[in-house]
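Enquirer: Once you've had a glance at the structure underneath, I'll fire off some questions.
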Amino acid sequence: MEDHGFDGTTRREALLLGAGALAATQFATQNAFALTGDMAGLPWANNAMRWAQVAFTEEDPPRYDPQFWFDLFKRTHVEAVCLSAGGCICFYPSKVPLHYRARDLGNRDMLGEMIKGCRAQGISIIARVDPHAMSEEAFAAHPEWAACTEDGKPRRHWAAADMYVTCQNGGFMFDFMPAVLKEITDNYQPEGFFGNRWAGSGMCYCQTCRTKFRATTGLELPMTNDPQDPRRKAYIQWNADMRWKQFTLWNDTVKASKADCFFSPNGGLNDPEKVMHPLVAVDRQGRAGTTPVWMMGKYAKQVRAYMQNLPICGLFNVGVEDENRWKDSVQVGPELEAWAHSGIAQGFRPWYCKFNARIFDARWVAPVEKIFQWHYKHDKYMRNTANLARVAMVNSTQSGIFTAGGTAFTAGDGVRAAQRVTDSVNGYYQALVEARIPFEMADDRQLEPRHIARYRVLVLADVAAMSDKQCQQIRDYVKAGGRIVATGETSLYDEIGRRRANFGLSDLFGCDYVKTESGVKNSYLTPRHPHPLTRGLEDAPRIIAATQQLTVKPHDAAKPPLTLVPSYPDLPMERVFAAQEETDIPMAYCRDFGKGRVVYFPMDLDRTFWDVLAPDHLVLLANAVAWAADETPPLLVTGPGILDIAYWRQKGSLTAHLVNMNNPMMMKGPYREIMPAGPYTVSLAIPAGAKIAAVKLLESGATPKTSRDGDRLVVEVPRIALHEIVAVDLA
């Protein structure tokens, strides 16, 4: 995997760097978010739909076959290629002092050879730079360029023993790298740059960092990850400012040599107010462990939430991705296809990456060709202009940084604590996938009506950290007719993790905060019928409760659809019985507010669902969205198994994506085989006034049976192998 640079922040903190009349919203409003067709004067970036990357190694120059790559690029119809250029190691005859040349480069210009062949095919070039390490020669000349540990000692590279880790705030980044970027731009005129580990490799305690931080803040560098530590809090903002200065310097440097060039960072700069690059490559190269196949689609939604109408590429590796980093391994076809297609369905442009330019195991080539040739064949249906979902999950970077499901980060505990927030989001995401509710993601830094008015429902899965402004934006959204579903400690903290005395959205929730209890065992919920929230649980007298529960005080005596059975002993077995069979303690608040609706669960039902995947929780989470929305989704799919779905509009068509996730190991890393499923019935809402010219199935190539049901088109899909697309051409 291309490693994301985390410049002294935790992985969660790195995400900070970036980073109406709702009921009447129809397709016309959604189409206002269409792609412009010209990305800031760079139409090639918008039109490049398929991408490739070759990550060179030092032994490649005399051993690789460039013609193999030119032939593959042609067969896969790629329109832009990312090639290793320089930084810690360069692959061209650099004249920049201390720019270490690849060991086996000799007098060759590997970068130039590859660029020449790509240019002959009309392929755009992205130059990859990686500045996270430097040679011993560079260290000897400039020891101040090295990152240091807490005791001030220079950091040897963790994997390359003859190299040193560079400081993200010193001369290597701010003096040496601009010279490298200028040389590459002057000599090769690439369309853009891709920066790997551009923002550093962990906390640096060198004298440069200490001096700059002290001069700006008057403080010493923090020694913990606790974001409530004043020094850590100051560091998070200072580090964001430093990365912005670095990005601006690098971007300005390449533009000075080539006006339409740009620098695109790999991770670590996702602030929607500072998106100056015309595209983003999202580096999530493969699945491992229990990562579900829909995760690539989730990454696409998260990034599109802040990139808005700018193109994003889903970068995947043909090798096995795991913390053990087997770079020269090869994935099997189903694994590659499932991962790539899950991203494509949610808006990614595919980008394959091969480590090592030599080919000694070519088993990956055929599946990659299959993916890219399929994508090319259906190119016009991949040029999305709007997603037609009416539900969106709110993605909150600050909740992961500053809170942890009620527990602020402490030294050494940041990763585990942040995982609670991630697990809540993953749990609700899984529920929406299983419920086949088409949905998007919205960025918590863009809650203005122009960004969220097109959504009927916003899901706030333990969005604990919210500013007063964000709370007011959500309040205005609901008053105007929007609907929310919230869980856990949503709005209990401000934007930097300071706990409020009460929920920021207590008026919407209909209750006041009292306390939080975590690690609750053997507790249950009683469904109270009839209510739309408990539909499907009529035969369940009791279901398991969440493990984190909030004690709240209701504003009124409304009858709740779900009540608590308090925790009772689970041992000895003779004592396993409830002291109270039933209570009137509400565990779900379903209410109207203004012109909108609100569902609030005072518990981490979503995180618990992610942990145990209890079907009863799926019913509640799905019903909550359905009751809040109180409308028919624009895309309905009935049939067997698990699908990930999406509904898109293009210039002259509509497409419904159906990704088959039925696999015996779906919730584990391996995707061993593609298991066809069906039949399915697909019902599509057709925009008012639109006339249908033709309907076809892109995977099977068949013309399906169709019928009309009012303003909806009903399509019969006999079978889905992996990724079927119902394509509706408009007259």
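Enquirer: I'd like the residue in the stretch 196-241 that is at pLDDT 95 or above and of a type in the set (A, V, I, L, M) and, out of all such residues, is surrounded by the fewest Cβ atoms within 10 Å (Cβ to Cβ).
Expert: Filtering first and then ranking leaves A215.
Enquirer: On to the next question. Counting only residues that are touching a Leu at 6+ places or on another chain (Cβ under 6 Å), give me the helices (runs of 4 or more DSSP H) lying completely in the stretch 446-559 with at least 2 of them. Step through it out loud before you land on a result.
Expert: On the way: elements: 449-452, 468-479, 506-509.
Output list reads 468-479.
Enquirer: Could you grab me the full set of residues in the stretch 103-120 that are crowded, with 21+ Cβ neighbours inside 10 Å and not β-branched (V, I, T)?
Expert: In the first step, residues of the stretch 103-120 are kept if they are crowded, with 21+ Cβ neighbours inside 10 Å; the result is 105, 110-111, 114-115, 118.
Residues satisfying the conditions are L105, M110, L111, M114, C118.
Enquirer: Then there's this: Here are the criteria: (1) assigned to a strand (DSSP E or B); (2) over 30 Å from I452 (Cα atoms). Tell me which single one T385 does not satisfy.
Expert: Status for T385: all satisfied but (2).
Enquirer: Which condition number does S94 fail, the rest of (1) in a loop (DSSP other than H, G, I, E, B); (2) out of contact with any strand residue (DSSP E or B) (no Cβ under 7 Å at 6 or more places or on another chain); (3) crowded, with 18+ Cβ neighbours inside 10 Å being met?
Expert: For S94, the exception is condition (2).
Enquirer: Same structure again: Quick check on my filter: what residues within the stretch 647-668 are in a loop (DSSP other than H, G, I, E, B) and more than 25 Å from M603 (Cβ to Cβ)?
Expert: Within the stretch 647-668, the subset in a loop (DSSP other than H, G, I, E, B) is 651-652, 661-668.
Residues satisfying the conditions are K651, G652, M661, N662, N663, P664, M665, M666, K668.
Enquirer: With the requirement that a residue be farther than 28 Å from D507 by Cα and among the charged types (D, E, K, R), what does the stretch 520-579 give you?
Expert: Within the stretch 520-579, K521, E538, D539, R542, D570, E574, R575 meet the criteria.
Enquirer: Moving on. For the subset of the stretch 242-264 comprising residues that are touching a Ser or Thr at 6+ places or on another chain (Cβ under 8 Å) and in a loop (DSSP other than H, G, I, E, B), which member is modelled with the lowest pLDDT?
Expert: Residue satisfying both the conditions and the ranking: C261.
Enquirer: Of everything in the stretch 359-370 that's outside any helix (DSSP H, G or I) and either out of contact with any helix residue (DSSP H, G or I) (no Cβ under 9 Å at 6 or more places or on another chain) or hydrophobic (A, V, I, L, M, F, W, C) (or both), which residue is surrounded by the most Cβ atoms within 10 Å (Cβ to Cβ)? Talk me through it step by step, then tell me what you get.
Expert: If we filter the stretch 359-370 for residues that are outside any helix (DSSP H, G or I), which is where we start, we get 359-364.
If we keep only those that are either out of contact with any helix residue (DSSP H, G or I) (no Cβ under 9 Å at 6 or more places or on another chain) or hydrophobic (A, V, I, L, M, F, W, C) (or both) as well, we get 359-362, 364.
Numbers: I359: 14, F360: 8, D361: 13, A362: 11, W364: 20.
Top of the filtered list is W364.
Enquirer: Now for a different question. Answer yes or no as to whether G497 is outside the structural domain of N225 (by TED's automatic domain parsing) and at pLDDT below 95.
Expert: Numbers: outside the structural domain of N225 (by TED's automatic domain parsing): yes; at pLDDT below 95: yes.
Yes.
Enquirer: Return only the number of the condition from (1) assigned to a loop (DSSP other than H, G, I, E, B); (2) touching a Phe, Trp or Tyr at 6+ places or on another chain (Cβ under 9 Å) that I115 does not satisfy.
Expert: (1)
Enquirer: Still on this structure, please answer the following. Which residue, of V425, V463, V391, V459, is farther than 24 Å from A688 by Cβ, in contact with a Phe, Trp or Tyr (Cβ under 7 Å, 6 or more places away or on another chain) and at pLDDT 90 or above? Spell out the reasoning first.
Expert: Working: V425 fails: in contact with a Phe, Trp or Tyr (Cβ under 7 Å, 6 or more places away or on another chain); V463 fails: in contact with a Phe, Trp or Tyr (Cβ under 7 Å, 6 or more places away or on another chain); V391 fails: farther than 24 Å from A688 by Cβ.
Sole residue among the options that is farther than 24 Å from A688 by Cβ, in contact with a Phe, Trp or Tyr (Cβ under 7 Å, 6 or more places away or on another chain) and at pLDDT 90 or above: V459.
Enquirer: Residues that are assigned to a helix (DSSP H, G or I), of a type in the set (D, E) and assigned by TED's automatic domain parsing to the domain that holds V81: does the stretch 147-157 have at least one? Break it down stepwise before answering.
Expert: Initial filter on the stretch 147-157 (assigned to a helix (DSSP H, G or I)): none.
Within the stretch 147-157 (the criterion being assigned to a helix (DSSP H, G or I), of a type in the set (D, E) and assigned by TED's automatic domain parsing to the domain that holds V81), the answer is no, since none of the residues qualifies.
Enquirer: What number of residues within the stretch 659-683 satisfy the criterion of being at pLDDT 80 or above and of a type in the set (A, V, I, L, M)?
Expert: So the count comes out to 6.
Enquirer: Can you say whether Q373 is farther than 23 Å from L613 by Cβ, modelled with pLDDT under 95 and part of a helix (DSSP H, G or I), as far as the supplied structure shows? Even if it seems obvious, please write down each step before you answer.
Expert: Details: farther than 23 Å from L613 by Cβ: yes; modelled with pLDDT under 95: no; part of a helix (DSSP H, G or I): yes.
Taking the combined requirement at face value, the residue does not satisfy it.
Enquirer: Right, something else. Going through R542, R535 one at a time, which residue ends up being closer than 26 Å to A626 by Cα, among the charged types (D, E, K, R) and touching a strand residue (DSSP E or B) at 6+ places or on another chain (Cβ under 7 Å)? First the steps, then the outcome.
Expert: On the way: R535 fails: touching a strand residue (DSSP E or B) at 6+ places or on another chain (Cβ under 7 Å).
Step by step, each of R542, R535 is checked, and only R542 is closer than 26 Å to A626 by Cα, among the charged types (D, E, K, R) and touching a strand residue (DSSP E or B) at 6+ places or on another chain (Cβ under 7 Å).
Enquirer: Name the one entry in A646, A685, A702, A624 that is touching an Asp or Glu at 6+ places or on another chain (Cβ under 7 Å) and not assigned by TED's automatic domain parsing to the domain that holds I371.
Expert: Details: A646 fails: touching an Asp or Glu at 6+ places or on another chain (Cβ under 7 Å); A702 fails: touching an Asp or Glu at 6+ places or on another chain (Cβ under 7 Å); A624 fails: touching an Asp or Glu at 6+ places or on another chain (Cβ under 7 Å).
Answer to the check: A685.
Enquirer: Another question about this same structure. Considering only the stretch 532-551, how many residues are closer than 14 Å to C590 by Cβ and crowded, with 19+ Cβ neighbours inside 10 Å?
Expert: Initially, the stretch 532-551 is screened for residues closer than 14 Å to C590 by Cβ, giving 532-535.
So of that shortlist, the ones also crowded, with 19+ Cβ neighbours inside 10 Å come out as 533-534.
Result for the stretch 532-551: 2.
So that you can scan it fast, the table gives a plain yes or no per residue for (1) part of a loop (DSSP other than H, G, I, E, B); (2) over 26 Å from R304 (Cα atoms); (3) not hydrophobic (A, V, I, L, M, F, W, C):
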{"site": "I645", "(1), (2), (3)": "no, no, no"}
{"site": "R672", "(1), (2), (3)": "yes, yes, yes"}
{"site": "V682", "(1), (2), (3)": "no, no, no"}
{"site": "K696", "(1), (2), (3)": "no, yes, yes"}
{"site": "R708", "(1), (2), (3)": "no, yes, yes"}
{"site": "E716", "(1), (2), (3)": "no, yes, yes"}
{"site": "D729", "(1), (2), (3)": "no, no, yes"}
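Enquirer: Tell me yes or no: at least one residue of the stretch 611-624 is part of a loop (DSSP other than H, G, I, E, B) and more than 30 Å from L722 (Cβ to Cβ). Quick ask: steps written out before the conclusion?
Expert: Within the stretch 611-624, the subset part of a loop (DSSP other than H, G, I, E, B) is 613-614.
Filter once more, so that each one left must be more than 30 Å from L722 (Cβ to Cβ): none.
For the stretch 611-624, residues part of a loop (DSSP other than H, G, I, E, B) and more than 30 Å from L722 (Cβ to Cβ): absent.
Enquirer: Among the listed residues A677, A702, A685, identify the single one that is touching a strand residue (DSSP E or B) at 6+ places or on another chain (Cβ under 8 Å), of a type outside the set (S, T, Y) and within 19 Å of P634 (Cα to Cα). It would help to see each step written out before you state the result.
Expert: Details: A677 fails: within 19 Å of P634 (Cα to Cα); A702 fails: within 19 Å of P634 (Cα to Cα).
Only one candidate qualifies: A685.
Enquirer: Mind checking whether some residue in the stretch 123-138 is assigned to a loop (DSSP other than H, G, I, E, B), buried (at least 16 other Cβ atoms within 10 Å of the Cβ) and among the basic types (K, R)?
Expert: Checked against the condition, which is being assigned to a loop (DSSP other than H, G, I, E, B), buried (at least 16 other Cβ atoms within 10 Å of the Cβ) and among the basic types (K, R), the stretch 123-138 yields no hits at all.
The values are calculated or read from the model by the stated rules, or taken from the named source; none is laboratory data. The shown structure was predicted, so the numbers you read here are calculated from the model rather than taken from an experiment. Glycine also receives a Cβ, built like all others from the backbone with ideal geometry; neighbour counts cover every protein chain displayed.
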